[in-house]
Amino acid sequence: MQLGIRFHDTEEMPFEERLKNIRRQGFSCAHIALKKVKDLPDETDALTPGYAAYIKHAFAENHIDIAVLGNYQNLANPDPVRLHEIQARYTAHLRFASLVGCSVVGTETGAPNEDYHYDKEACHSEQALDTFITNLRPVVKDAEKFGVILAIEPVYKHIVWNPERARTVLDAIGSPNLQIIFDPVNLLHPDNLDQRDAVIGQAIDLLGKDIAIIHLKDYKVIDGEMACMACGLGDMDYKQVIAFAHEHKPYIQATLENTKPDNAVQAREYIQRIEDTL
């Protein structure tokens, strides 16, 4: 695996200094969401070819790849005006990714409400899934035009909450430009933690061939809720995921999440030690 980090988890400093620090910490790639970086513009109109060239050169100078350009917005928003704006923003990010040298634009799968809140009955309904697929379809068409992968990230509290629903979306759209960001912890919830290994195994079986990126973080259950943290600080067992990557996706980019500046290197070394045993 090629290990990277989520850009907005790194120490705040000027953009180019931040890139240097990421490289010093031993990471080869980064997941970046422009709206979460204070000194970078993220407005749709700002995503020009010149801006893309600046970002591309800054990353290249520090020998860091852009693993994912994140644009985590709600494609199931029921407001038609807002939905149109969201779809247009995805198109802009896909175009920008093609110019900046990034192969993947990442998205979660939303909720069928305007404020993106978790409502289990509504989010896990067939109606919500149908809505998401319908709204996703034109965005994937744009991904095909720009030669970029749109990768959806299944999350238990969102519409695509389990491996079966992710498989349904992939098959319904039927495009090689729609793939998966595999974050095993995001598939977990206190409701299914007793079946953790089976859930992760099912995701690998159903989605493995379409996994483009891996996200790695840890978790603990605190007061009945999942609390996420850097790898090695919680209860997650990574062997199944890393063995899959080692055997089937040897050069896949895997970005760490929920790290802090003082534990990012420790988290990277923790994952590398597991991989080194395979």
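Key figures
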quantity	calculated
In the stretch 141-168, the residues that are more than 25 Å from residue 227 (Cα to Cα) and either surrounded by 20 or more Cβ atoms within 10 Å (Cβ to Cβ) or among the hydroxyl-bearing types (Ser, Thr, Tyr) (or both)	142, 143, 148, 149, 150, 168
Total residues in the stretch 36-58, condition in a helix (DSSP H, G or I), charged (D, E, K, R) and surrounded by 14 or more Cβ atoms within 10 Å (Cβ to Cβ)	2
Enumeration of residues in the stretch 235-254 that are surrounded by fewer than 18 Cβ atoms within 10 Å (Cβ to Cβ) and out of contact with any helix residue (DSSP H, G or I) (no Cβ under 8 Å at 6 or more places or on another chain)	235, 243, 247, 250, 251
Of all residues making up the stretch 231-278, the number that are among the basic types (Lys, Arg) and more than 21 Å from residue 66 (Cβ to Cβ)	3
Pair list, Cβ < 9 Å and 6+ apart or interchain, from the stretch 218-239 residues that are on the phi > 0 side of the Ramachandran plot and modelled with pLDDT of 95 or more to residues that are crowded, with 19+ Cβ neighbours inside 10 Å and of a type in the set (A, V, I, L, M)	232/267; 232/271
Lone qualifier among 211, 200 - being among the aliphatic types (A, V, I, L, M), touching a strand residue (DSSP E or B) at 6+ places or on another chain (Cβ under 6 Å) and either in contact (Cβ under 8 Å) with a residue 40 or more places away in the chain or farther than 23 Å from residue 126 by Cβ (or both)	211
Residue in the stretch 10-30 that is among the acidic types (Asp, Glu), under 22 Å from residue 272 (Cα atoms), in a helix (DSSP H, G or I) and at pLDDT 95 or above present	no
All positions within the stretch 104-143 that are under 22 Å from residue 49 (Cβ atoms) and touching a residue at least 60 places away in the same chain (Cβ under 8 Å)	104, 106, 139
Residues (within 20 Å of residue 24 (Cβ to Cβ) and of a type in the set (Lys, Arg)) located in the stretch 246-272	260, 268
Conditions (1) out of contact with any strand residue (DSSP E or B) (no Cβ under 9 Å at 6 or more places or on another chain); (2) crowded, with 19+ Cβ neighbours inside 10 Å; (3) modelled with pLDDT under 95: number failed by residue 108	(1)
So residue 89, is it modelled with pLDDT of 95 or more, in contact with a Ser or Thr (Cβ under 6 Å, 6 or more places away or on another chain), surrounded by 14 or more Cβ atoms within 10 Å (Cβ to Cβ) and part of a helix (DSSP H, G or I)	yes
The one condition in (1) crowded, with 21+ Cβ neighbours inside 10 Å; (2) under 15 Å from the mean Cα position of the chain (by Cα) that residue 64 fails to fulfil	(2)
Residues satisfying the stated conditions in the stretch 255-269, i.e. crowded, with 22+ Cβ neighbours inside 10 Å and either outside any loop (DSSP other than H, G, I, E, B) or at pLDDT below 95 (or both)	255, 256, 264, 267, 268
Conditions (1) part of a loop (DSSP other than H, G, I, E, B); (2) over 17 Å from the mean Cα position of the chain (by Cα); (3) buried (at least 17 other Cβ atoms within 10 Å of the Cβ): number failed by residue 83	(1)
Conditions (1) under 29 Å from residue 229 (Cα atoms); (2) out of contact with any Pro (no Cβ under 8 Å at 6 or more places or on another chain); (3) free of Cβ contacts under 8 Å to residues at least 40 places away in the same chain; number of the one not met by residue 180	(2)
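Every residue, every condition in (1) closer than 16 Å to residue 165 by Cβ; (2) aliphatic (A, V, I, L, M); (3) touching a strand residue (DSSP E or B) at 6+ places or on another chain (Cβ under 6 Å), yes or no:
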position: 76; (1), (2), (3): yes, yes, no
position: 89; (1), (2), (3): no, no, no
position: 92; (1), (2), (3): no, yes, no
position: 95; (1), (2), (3): no, no, no
position: 102; (1), (2), (3): no, no, yes
position: 116; (1), (2), (3): no, no, no
position: 125; (1), (2), (3): yes, no, no
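The values are calculated or read from the model by the stated rules, or taken from the named source; none is laboratory data. Please read these numbers as outputs of a predicted model, since none were measured by experiment. Don't worry about glycine lacking a Cβ; one is built from the backbone with ideal geometry, like all the others, and counts go over all protein chains shown.
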